[in-house]
Amino acid sequence: MSSVIQFDIWAAIKLQKHQLPIVNKILLAITRSANGGLIWILTGLGVLAGFREKHLGILFFCVLIFTAVINNLILKSIFMRKRPCDLFQRIPVQIKRPCGSSFPSGHTAVSFACATALCAIYLPIGIAAICLAAVIGFARVYFFVHFPTDVLFGMISGVTIAGGCIFLLPILTGYFL
């Protein structure tokens with residue numbers, strides 16, 4: 001077994017032994033806010049409503065949609081990695097057991113992609129969004145539905161896809177940030 005897989009298993013199981021009820025409640029609310037991209041859809045609506053330049057909202061939603069499709073439909077179907085909660089079913093899971101592949105983390109990818117887009121749109125909000133995205137990624141490991149490398153590569157794929165959209169969409173549409 002590779003050292004990366006050993007680390008993944010060790011870290012995911014170690015977190016299960018160090019949970020606190022108050023932390024569980026806080027992280028549960030945060031991870032649920034990202035289910036189906038809800039927090040990011042609401043944020044995108046805020047961008048559309050709050051900025052005169054509507055192309056910024058369109059950019060935000062393009063980042064969200066492209067990331068969800070590339071990460072959740074394409075990458076997950078290529079890698080087909082089992083979730084820690086599926087490999088170690090005796091360890092109780094405190095959230096609804098997700099279906100589908102574990103790698104890369106969809107919650108994390110979409111969160112970091114949207115946070116990256118927000119950095120390009122309005123940096124102070126983007127920095128706060130990066131912090132939220134990091135907590136969402138941590139919560140996915142904390143709740144035993146992802147390994148740390150799922151979250152790491154979710155972060156990388158989200159930032160990469162967002163960067164591609166931020167670079168290409170202005171060229172294709174003629175609207176620049």
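The values are calculated or read from the model by the stated rules, or taken from the named source; none is laboratory data. Owing to the predicted nature of the structure, the values given are computational and were not obtained by experimental measurement. Don't worry about glycine lacking a Cβ; one is built from the backbone with ideal geometry, like all the others, and counts go over all protein chains shown.
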_Selected residue (criterion: modelled with the lowest pLDDT) from residues of segment 45-99 that are of a type in the set (S, T, N, Q) and farther than 18 Å from Ile166 by Cβ_ = Gln94
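Evaluate the following for Thr31: is it out of contact with any Cys (no Cβ under 9 Å at 6 or more places or on another chain), of a type outside the set (Phe, Trp, Tyr) and buried (at least 19 other Cβ atoms within 10 Å of the Cβ)?
When the stated conditions are applied, Thr31 passes them.
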*Which one of Phe138, Phe79, Phe144, Phe88 is surrounded by fewer than 20 Cβ atoms within 10 Å (Cβ to Cβ), over 21 Å from Val47 (Cα atoms) and in contact with a Pro (Cβ under 8 Å, 6 or more places away or on another chain)?*
Phe79
_Subset of segment 1-14 (residues that are free of Cβ contacts under 8 Å to residues at least 24 places away in the same chain, of a type outside the set (A, V, I, L, M) and either surrounded by 15 or more Cβ atoms within 10 Å (Cβ to Cβ) or outside any helix (DSSP H, G or I) (or both))_ = Ser2
_Residues that are touching a Cys at 6+ places or on another chain (Cβ under 7 Å), free of Cβ contacts under 8 Å to residues at least 24 places away in the same chain and assigned to a helix (DSSP H, G or I): does segment 118-126 have at least one?_
yes
